[in-house]
Amino acid sequence: MSEAVRTMMQMNAEVAQETGAATADPGFLWDFWYPAARSAEIRGQKLVTAMLLEVPLVLGRTSEGKVFAMRDSCPHRGIPLSYGRLDGKVVECCYHGWQFDACSGQCVEIPSLSSQDKLKVDRIFAGHFPCEERDGYVWVYMNNPGTRLPETIPAVPALTIFSDKYKITHLSCELPSHIDHGIIGLMDPAHGPFVHQSWFWRKRASIHEKAKQFEPIPNGFRMSPHSPSTNSAPYQLLKKITGKPVTTTIDFVLPNLRTEIDQSGQMWFSSRATVTPVRRDLCRIDFVAAWNLFFLPVWIFRMFGKTFLRQDQETMIQQAEGLKHNPRLMLIDDADRPAKWYFALKANLIESRRTGAPMVHPMSGPVTLRWRS
Ligand code: FES
Ligand SMILES: [Fe+2]
(Lines give C-alpha, C1' and ligand atoms only; values in the text may rest on other atoms or scores of the structure.)
(Ligands and ions follow the chains in the order given, each with its own letter.)
Protein backbone atom coordinates (compact mmCIF):
# COMPACT_ATOMS: atom_id res chain seq x y z
CA MET A 1 0.00 0.00 0.00
CA SER A 2 1.39 3.38 -0.94
CA GLU A 3 2.15 5.89 1.77
CA ALA A 4 -0.41 8.32 0.36
CA VAL A 5 -3.22 5.75 0.44
CA ARG A 6 -2.28 4.66 3.95
CA THR A 7 -2.37 8.26 5.19
CA MET A 8 -5.73 8.81 3.56
CA MET A 9 -7.20 5.69 5.16
CA GLN A 10 -5.83 6.70 8.53
CA MET A 11 -7.34 10.13 8.13
CA ASN A 12 -10.72 8.67 7.19
CA ALA A 13 -10.69 6.41 10.22
CA GLU A 14 -9.87 9.38 12.43
CA VAL A 15 -12.66 11.47 10.96
CA ALA A 16 -15.11 8.58 11.36
CA GLN A 17 -14.07 8.22 14.98
CA GLU A 18 -14.36 11.93 15.64
CA THR A 19 -17.87 12.22 14.22
CA GLY A 20 -18.91 8.76 15.33
CA ALA A 21 -20.18 8.54 11.76
CA ALA A 22 -20.37 4.80 11.29
CA THR A 23 -21.72 3.79 14.69
CA ALA A 24 -23.73 6.42 16.57
CA ASP A 25 -27.49 6.63 16.01
CA PRO A 26 -28.14 10.32 15.46
CA GLY A 27 -31.64 9.98 16.92
CA PHE A 28 -33.53 11.29 13.92
CA LEU A 29 -37.22 10.61 13.35
CA TRP A 30 -37.71 9.36 9.81
CA ASP A 31 -40.94 9.12 7.82
CA PHE A 32 -42.04 12.69 8.40
CA TRP A 33 -42.18 15.88 6.34
CA TYR A 34 -39.42 18.43 7.00
CA PRO A 35 -39.00 21.91 5.52
CA ALA A 36 -35.88 21.85 3.33
CA ALA A 37 -35.80 25.36 1.85
CA ARG A 38 -37.90 28.44 1.22
CA SER A 39 -40.01 28.21 -1.94
CA ALA A 40 -38.60 31.48 -3.28
CA GLU A 41 -35.06 30.04 -3.35
CA ILE A 42 -36.06 27.35 -5.85
CA ARG A 43 -36.51 29.11 -9.15
CA GLY A 44 -35.57 28.96 -12.83
CA GLN A 45 -33.23 26.12 -13.72
CA LYS A 46 -31.18 26.46 -10.54
CA LEU A 47 -30.21 23.33 -8.64
CA VAL A 48 -30.14 24.10 -4.92
CA THR A 49 -28.50 21.95 -2.26
CA ALA A 50 -29.98 21.26 1.17
CA MET A 51 -29.39 18.74 3.93
CA LEU A 52 -31.99 17.00 6.08
CA LEU A 53 -31.21 14.27 8.61
CA GLU A 54 -27.65 14.10 7.23
CA VAL A 55 -29.01 13.29 3.76
CA PRO A 56 -27.59 15.61 1.09
CA LEU A 57 -30.37 16.77 -1.21
CA VAL A 58 -30.59 18.60 -4.49
CA LEU A 59 -33.76 20.61 -5.01
CA GLY A 60 -35.12 22.18 -8.15
CA ARG A 61 -38.25 23.13 -10.04
CA THR A 62 -39.38 21.67 -13.36
CA SER A 63 -40.46 23.95 -16.19
CA GLU A 64 -44.03 23.14 -15.14
CA GLY A 65 -43.34 24.63 -11.73
CA LYS A 66 -43.28 21.39 -9.72
CA VAL A 67 -40.59 21.18 -7.04
CA PHE A 68 -38.53 18.01 -6.69
CA ALA A 69 -35.97 16.59 -4.26
CA MET A 70 -33.31 14.05 -5.18
CA ARG A 71 -30.46 12.62 -3.17
CA ASP A 72 -27.52 14.79 -4.16
CA SER A 73 -25.52 11.85 -5.40
CA CYS A 74 -25.31 10.27 -8.83
CA PRO A 75 -26.07 6.53 -8.63
CA HIS A 76 -23.23 5.93 -11.10
CA ARG A 77 -20.16 7.21 -9.26
CA GLY A 78 -21.58 9.33 -6.46
CA ILE A 79 -20.70 12.81 -7.66
CA PRO A 80 -23.26 15.36 -6.41
CA LEU A 81 -25.98 15.82 -9.01
CA SER A 82 -26.08 19.49 -8.02
CA TYR A 83 -22.88 19.98 -10.09
CA GLY A 84 -24.88 18.92 -13.13
CA ARG A 85 -27.66 20.80 -14.83
CA LEU A 86 -31.41 20.92 -15.09
CA ASP A 87 -33.16 21.48 -18.39
CA GLY A 88 -36.62 21.87 -16.87
CA LYS A 89 -37.44 18.15 -16.94
CA VAL A 90 -34.31 16.06 -16.43
CA VAL A 91 -31.21 16.45 -14.29
CA GLU A 92 -27.99 15.66 -16.13
CA CYS A 93 -24.94 14.49 -14.20
CA CYS A 94 -21.79 16.52 -14.91
CA TYR A 95 -19.49 13.46 -14.96
CA HIS A 96 -20.76 11.08 -17.68
CA GLY A 97 -23.96 12.83 -18.65
CA TRP A 98 -26.46 10.31 -17.30
CA GLN A 99 -29.90 11.89 -17.24
CA PHE A 100 -32.60 11.43 -14.62
CA ASP A 101 -36.24 12.41 -14.68
CA ALA A 102 -36.37 15.10 -12.01
CA CYS A 103 -39.69 14.03 -10.47
CA SER A 104 -39.18 10.26 -10.32
CA GLY A 105 -35.38 9.95 -10.30
CA GLN A 106 -35.64 7.41 -13.11
CA CYS A 107 -32.67 7.24 -15.44
CA VAL A 108 -33.69 8.18 -18.98
CA GLU A 109 -30.35 8.36 -20.78
CA ILE A 110 -26.82 6.93 -20.54
CA PRO A 111 -24.86 8.58 -23.36
CA SER A 112 -22.00 6.04 -23.37
CA LEU A 113 -24.20 3.03 -24.23
CA SER A 114 -23.75 1.62 -27.72
CA SER A 115 -26.38 -0.17 -29.78
CA GLN A 116 -24.90 -3.49 -28.49
CA ASP A 117 -25.51 -2.70 -24.83
CA LYS A 118 -28.32 -4.53 -23.05
CA LEU A 119 -28.36 -2.46 -19.85
CA LYS A 120 -31.93 -1.56 -18.84
CA VAL A 121 -31.55 2.16 -18.30
CA ASP A 122 -35.07 2.61 -16.91
CA ARG A 123 -34.29 0.25 -14.02
CA ILE A 124 -31.74 2.70 -12.67
CA PHE A 125 -32.97 5.33 -10.22
CA ALA A 126 -31.34 8.25 -8.49
CA GLY A 127 -32.53 8.59 -4.89
CA HIS A 128 -35.60 10.79 -4.75
CA PHE A 129 -38.05 11.93 -2.10
CA PRO A 130 -41.66 13.17 -2.09
CA CYS A 131 -41.56 16.94 -2.27
CA GLU A 132 -44.28 19.60 -1.90
CA GLU A 133 -44.69 23.28 -1.28
CA ARG A 134 -46.74 24.76 1.53
CA ASP A 135 -46.75 28.04 3.45
CA GLY A 136 -43.73 29.28 1.48
CA TYR A 137 -41.54 26.23 2.16
CA VAL A 138 -40.39 23.27 0.11
CA TRP A 139 -41.12 20.21 2.26
CA VAL A 140 -39.43 16.87 1.77
CA TYR A 141 -40.78 13.59 3.11
CA MET A 142 -37.75 11.84 4.57
CA ASN A 143 -38.46 8.16 4.38
CA ASN A 144 -36.02 5.93 6.17
CA PRO A 145 -33.16 4.97 3.83
CA GLY A 146 -33.46 1.39 2.72
CA THR A 147 -37.23 1.26 3.33
CA ARG A 148 -40.06 1.58 0.83
CA LEU A 149 -42.35 4.59 0.81
CA PRO A 150 -45.66 3.79 2.49
CA GLU A 151 -48.71 3.54 0.20
CA THR A 152 -50.15 6.76 1.53
CA ILE A 153 -48.09 9.47 3.08
CA PRO A 154 -49.64 12.04 5.42
CA ALA A 155 -50.41 15.58 4.24
CA VAL A 156 -47.79 18.29 4.64
CA PRO A 157 -48.52 20.24 7.86
CA ALA A 158 -50.30 23.52 7.10
CA LEU A 159 -50.40 26.73 9.08
CA THR A 160 -53.91 27.40 10.44
CA ILE A 161 -55.45 30.56 8.98
CA PHE A 162 -58.72 32.19 10.13
CA SER A 163 -59.55 34.81 7.47
CA ASP A 164 -58.97 35.53 3.79
CA LYS A 165 -56.87 38.61 4.35
CA TYR A 166 -53.76 38.32 6.47
CA LYS A 167 -50.07 39.14 6.69
CA ILE A 168 -47.47 36.40 6.69
CA THR A 169 -43.75 36.36 7.37
CA HIS A 170 -40.94 33.84 7.75
CA LEU A 171 -37.82 33.79 9.90
CA SER A 172 -35.17 31.17 10.40
CA CYS A 173 -31.97 30.55 12.30
CA GLU A 174 -29.47 27.76 12.74
CA LEU A 175 -28.56 26.21 16.07
CA PRO A 176 -25.31 24.29 16.56
CA SER A 177 -27.23 21.67 18.51
CA HIS A 178 -28.59 18.17 18.37
CA ILE A 179 -32.27 18.12 17.41
CA ASP A 180 -33.32 17.07 20.94
CA HIS A 181 -31.69 20.14 22.50
CA GLY A 182 -33.21 22.33 19.81
CA ILE A 183 -36.67 20.99 20.57
CA ILE A 184 -36.57 21.03 24.33
CA GLY A 185 -35.16 24.56 24.09
CA LEU A 186 -38.19 25.51 22.00
CA MET A 187 -40.73 24.15 24.49
CA ASP A 188 -38.91 25.19 27.66
CA PRO A 189 -41.05 27.64 29.67
CA ALA A 190 -38.45 28.55 32.29
CA HIS A 191 -35.84 30.30 30.16
CA GLY A 192 -38.10 33.18 29.13
CA PRO A 193 -37.37 35.64 31.95
CA PHE A 194 -33.62 35.02 31.61
CA VAL A 195 -32.98 34.65 27.90
CA HIS A 196 -35.77 36.84 26.54
CA GLN A 197 -35.53 39.82 28.86
CA SER A 198 -36.44 42.91 26.91
CA TRP A 199 -38.58 45.94 27.42
CA PHE A 200 -41.20 44.78 24.93
CA TRP A 201 -41.57 41.26 26.24
CA ARG A 202 -40.97 40.89 29.93
CA LYS A 203 -38.61 41.71 32.71
CA ARG A 204 -36.84 39.30 34.96
CA ALA A 205 -38.53 40.88 37.97
CA SER A 206 -41.95 40.05 36.53
CA ILE A 207 -41.36 36.34 37.15
CA HIS A 208 -44.34 34.75 38.88
CA GLU A 209 -45.99 31.41 39.49
CA LYS A 210 -48.06 29.91 36.71
CA ALA A 211 -50.32 26.92 36.42
CA LYS A 212 -51.07 25.62 32.94
CA GLN A 213 -53.20 22.71 31.90
CA PHE A 214 -51.87 20.27 29.34
CA GLU A 215 -53.70 17.52 27.51
CA PRO A 216 -52.61 14.68 25.25
CA ILE A 217 -53.21 14.99 21.49
CA PRO A 218 -52.15 12.50 18.79
CA ASN A 219 -48.33 12.40 18.63
CA GLY A 220 -48.04 15.32 21.02
CA PHE A 221 -49.51 17.49 23.73
CA ARG A 222 -51.47 20.72 23.98
CA MET A 223 -51.30 23.55 26.44
CA SER A 224 -55.06 23.88 26.77
CA PRO A 225 -56.66 27.16 25.66
CA HIS A 226 -55.92 29.77 28.32
CA SER A 227 -55.42 33.50 28.74
CA PRO A 228 -51.77 34.35 28.15
CA SER A 229 -49.56 35.56 30.95
CA THR A 230 -50.18 39.01 32.35
CA ASN A 231 -46.47 39.86 32.13
CA SER A 232 -46.36 39.79 28.32
CA ALA A 233 -46.96 43.23 26.87
CA PRO A 234 -48.14 42.21 23.35
CA TYR A 235 -51.03 40.13 24.70
CA GLN A 236 -52.12 42.94 26.99
CA LEU A 237 -52.16 45.31 24.04
CA LEU A 238 -54.32 42.93 22.00
CA LYS A 239 -56.82 42.67 24.83
CA LYS A 240 -56.97 46.44 25.14
CA ILE A 241 -57.64 46.89 21.41
CA THR A 242 -60.36 44.28 20.94
CA GLY A 243 -61.88 44.60 24.40
CA LYS A 244 -62.28 40.81 24.27
CA PRO A 245 -60.37 38.17 26.18
CA VAL A 246 -57.33 36.64 24.50
CA THR A 247 -57.01 32.88 24.33
CA THR A 248 -53.85 31.04 23.44
CA THR A 249 -53.47 27.41 22.43
CA ILE A 250 -50.02 25.90 22.06
CA ASP A 251 -49.44 22.46 20.57
CA PHE A 252 -46.37 20.34 20.22
CA VAL A 253 -46.56 17.50 17.72
CA LEU A 254 -43.85 15.05 16.66
CA PRO A 255 -41.47 15.19 15.00
CA ASN A 256 -40.76 18.88 15.53
CA LEU A 257 -43.78 21.19 15.32
CA ARG A 258 -44.80 23.84 17.82
CA THR A 259 -47.87 25.83 16.87
CA GLU A 260 -49.42 28.71 18.71
CA ILE A 261 -52.81 30.27 18.02
CA ASP A 262 -53.90 33.48 19.71
CA GLN A 263 -57.42 34.77 19.25
CA SER A 264 -59.32 37.74 20.56
CA GLY A 265 -62.69 38.56 18.98
CA GLN A 266 -62.12 38.66 15.20
CA MET A 267 -58.40 39.19 15.62
CA TRP A 268 -56.03 36.25 15.31
CA PHE A 269 -52.37 35.38 15.24
CA SER A 270 -51.13 31.96 14.18
CA SER A 271 -47.54 30.74 14.18
CA ARG A 272 -45.55 27.60 13.70
CA ALA A 273 -41.98 26.84 14.60
CA THR A 274 -40.28 23.69 13.40
CA VAL A 275 -36.85 22.54 14.50
CA THR A 276 -35.38 20.48 11.71
CA PRO A 277 -32.35 18.24 12.07
CA VAL A 278 -29.75 19.06 9.42
CA ARG A 279 -26.89 17.06 10.92
CA ARG A 280 -26.52 15.52 14.36
CA ASP A 281 -24.74 18.70 15.48
CA LEU A 282 -26.85 21.24 13.59
CA CYS A 283 -30.53 22.05 13.42
CA ARG A 284 -32.56 24.89 12.02
CA ILE A 285 -35.58 26.74 13.37
CA ASP A 286 -38.06 27.76 10.69
CA PHE A 287 -40.66 30.14 11.99
CA VAL A 288 -43.72 31.27 10.07
CA ALA A 289 -46.38 33.59 11.44
CA ALA A 290 -49.63 34.90 9.98
CA TRP A 291 -52.05 37.41 11.49
CA ASN A 292 -54.85 39.84 10.74
CA LEU A 293 -53.93 42.31 13.50
CA PHE A 294 -54.16 45.60 11.58
CA PHE A 295 -51.90 47.39 14.05
CA LEU A 296 -48.98 44.98 13.60
CA PRO A 297 -46.88 45.74 10.51
CA VAL A 298 -44.67 42.96 9.19
CA TRP A 299 -41.46 44.94 9.74
CA ILE A 300 -42.17 45.52 13.44
CA PHE A 301 -42.96 41.87 13.96
CA ARG A 302 -39.79 40.83 12.15
CA MET A 303 -37.69 43.16 14.25
CA PHE A 304 -38.97 41.63 17.48
CA GLY A 305 -38.99 38.11 16.06
CA LYS A 306 -35.37 38.34 15.00
CA THR A 307 -34.34 39.61 18.43
CA PHE A 308 -36.15 36.70 20.02
CA LEU A 309 -34.57 34.09 17.78
CA ARG A 310 -31.13 35.63 18.20
CA GLN A 311 -31.48 35.38 21.98
CA ASP A 312 -32.29 31.67 21.67
CA GLN A 313 -29.51 31.14 19.16
CA GLU A 314 -26.87 32.82 21.34
CA THR A 315 -27.93 30.69 24.29
CA MET A 316 -27.75 27.49 22.23
CA ILE A 317 -24.27 28.43 20.97
CA GLN A 318 -23.17 28.83 24.58
CA GLN A 319 -24.84 25.57 25.57
CA ALA A 320 -23.10 23.71 22.71
CA GLU A 321 -19.80 24.82 24.22
CA GLY A 322 -20.67 23.05 27.46
CA LEU A 323 -22.18 19.98 25.84
CA LYS A 324 -18.90 19.25 24.02
CA HIS A 325 -17.65 17.76 27.27
CA ASN A 326 -20.57 15.34 27.68
CA PRO A 327 -21.84 16.61 31.04
CA ARG A 328 -24.58 14.82 32.95
CA LEU A 329 -27.88 16.66 32.54
CA MET A 330 -31.16 16.72 34.43
CA LEU A 331 -34.81 17.39 33.74
CA ILE A 332 -36.82 18.68 36.68
CA ASP A 333 -40.53 18.79 37.45
CA ASP A 334 -42.66 20.63 36.51
CA ALA A 335 -40.79 23.06 34.25
CA ASP A 336 -39.09 20.28 32.27
CA ARG A 337 -42.09 17.97 32.12
CA PRO A 338 -42.84 18.92 28.47
CA ALA A 339 -39.26 17.90 27.62
CA LYS A 340 -39.85 14.56 29.36
CA TRP A 341 -43.03 14.07 27.33
CA TYR A 342 -41.10 14.82 24.15
CA PHE A 343 -38.51 12.14 24.90
CA ALA A 344 -41.24 9.65 25.86
CA LEU A 345 -43.31 10.41 22.75
CA LYS A 346 -40.27 9.93 20.57
CA ALA A 347 -39.26 6.66 22.24
CA ASN A 348 -42.83 5.32 22.17
CA LEU A 349 -43.24 6.19 18.50
CA ILE A 350 -40.02 4.40 17.58
CA GLU A 351 -41.13 1.41 19.66
CA SER A 352 -44.56 1.27 18.02
CA ARG A 353 -42.99 1.45 14.59
CA ARG A 354 -40.66 -1.37 15.55
CA THR A 355 -43.35 -3.67 16.93
CA GLY A 356 -46.32 -2.58 14.82
CA ALA A 357 -48.35 -2.15 18.03
CA PRO A 358 -50.30 1.10 18.58
CA MET A 359 -48.28 3.93 20.04
CA VAL A 360 -48.59 4.38 23.80
CA HIS A 361 -49.12 8.01 24.78
CA PRO A 362 -47.02 9.06 27.80
CA MET A 363 -49.92 11.14 29.19
CA SER A 364 -53.04 9.40 30.43
CA GLY A 365 -55.13 12.58 30.57
CA PRO A 366 -55.05 16.31 31.35
CA VAL A 367 -52.35 17.45 33.78
CA THR A 368 -51.72 20.80 35.43
CA LEU A 369 -48.10 21.91 35.54
CA ARG A 370 -46.82 24.66 37.79
CA TRP A 371 -43.68 26.71 37.41
CA ARG A 372 -42.42 30.25 37.84
CA SER A 373 -41.56 32.31 34.77
S1 FES B 1 -21.03 9.79 -12.00
FE2 FES B 1 -22.86 10.60 -12.75
S3 FES B 1 -22.92 9.92 -14.76
FE4 FES B 1 -21.15 9.00 -14.00
FE1 LIG C 1 -36.66 30.98 23.62
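Of note:
- Peptides 315-328, 48-61 ordered by average Cβ neighbours within 10 Å, highest first: 48-61, 315-328
- Contact order relative to length of segment 98-228, as percent, for alpha carbon pairs under 8 angstrom and 6 or more apart: 10
- An oblate overall shape is assigned to segment 24-84, the ratio a/c of its alpha-carbon gyration tensor axes (a ≥ b ≥ c) being 1.5 or greater and a/b not exceeding b/c.
- Accessible-area composition of segment 156-263, carbon plus sulfur, in percent [1.4 Å probe]: 56
- For a paramagnetic label modelled on D281 (point 7 Å from Cα along Cα→Cβ), amide N atoms under 15 Å away belong, within segment 295-337, to 317-327.
- Accessible surface ranking that places the most exposed of Y166, Y34 first, with a 1.4 angstrom probe: Y166, Y34
- Protein-only accessible surface order, largest first, of R222, R43 at 1.4 Å: R43, R222
- Using R0 = 56 Å, the C-beta based FRET efficiency linking F343 and E109 works out to 0.70.
- Separation in nanometres of the label points that stand 7 Å from Cα toward Cβ, at A233 and A211: 3.0
- Normalised size of the chain, defined as Cα radius of gyration per 2.2 N^0.38 Å with N residues, equals 1.13.
- Taking each DSSP H run with n ≥ 4 as -39500 (n - 2.57) and averaging over every residue of the chain yields -7500 deg cm²/dmol at 222 nm.
- Total charge dipole magnitude, the chain, about the Cα centre, Cβ charges on Lys, Arg, Asp, Glu only, Debye to nearest 20: 1020
- Gaussian network model of the chain, springs between alpha carbon atoms under 10 Å - residue of W33, W299, W341 with greatest fluctuation: W299
- Descending principal axes extents, segment 284-324, alpha-carbon based, whole Å: 45, 14, 10
- Using a probe radius of 1.4 angstrom, the carbon and sulfur fraction of the accessible surface of segment 322-366 is 57%.
- Full extension of the chain between E54 and H76 yields a length gain of 5.9 nm, computed as 0.36 nm times the residue separation minus the alpha carbon distance.
- Simple Cβ-charge dipole of segment 69-113, Lys/Arg +1 and Asp/Glu -1, about Cα centre, in debye nearest 20: 100
- Per residue, the chain exposes 54 Å² of solvent-accessible protein surface, assessed with a 1.4 angstrom probe and all protein chains in place.
- Spin-label pair R370/S172, simplified geometry with 7 Å Cα→Cβ offset, distance in nm: 4.2
- Mean sequence separation of contacting Cα pairs (under 8 Å, at least six apart), scaled by the length of the chain, corresponds to a relative contact order of 16 percent.
- Summarising the label geometry, the points placed 7 Å from Cα in the beta-carbon direction at R328 and E151 lie 5.0 nm from one another.
- Average Cα contact separation per residue, segment 288-373, under 8 Å, 6 or more apart, as relative contact order %: 21
- Farthest toward positive dipole pole in the chain [+1 Lys/Arg, -1 Asp/Glu at C-beta], among P176, C107, V91: P176
- Choice from E133, E41, E209 with maximal GNM fluctuation in the chain (Cα, 10 Å cutoff): E209
The values are calculated or read from the model by the stated rules, or taken from the named source; none is laboratory data. Keep in mind that what you see is a predicted model, and the values were worked out from it rather than measured. Neighbour counts run over all protein chains shown; Cβ positions are idealised from the backbone, glycine included. Remember, those area values only see protein heavy atoms, side chains included, never the ligands or the DNA or RNA. Shrake-Rupley method; radii C 1.70, N 1.55, O 1.52, S 1.80 Å.
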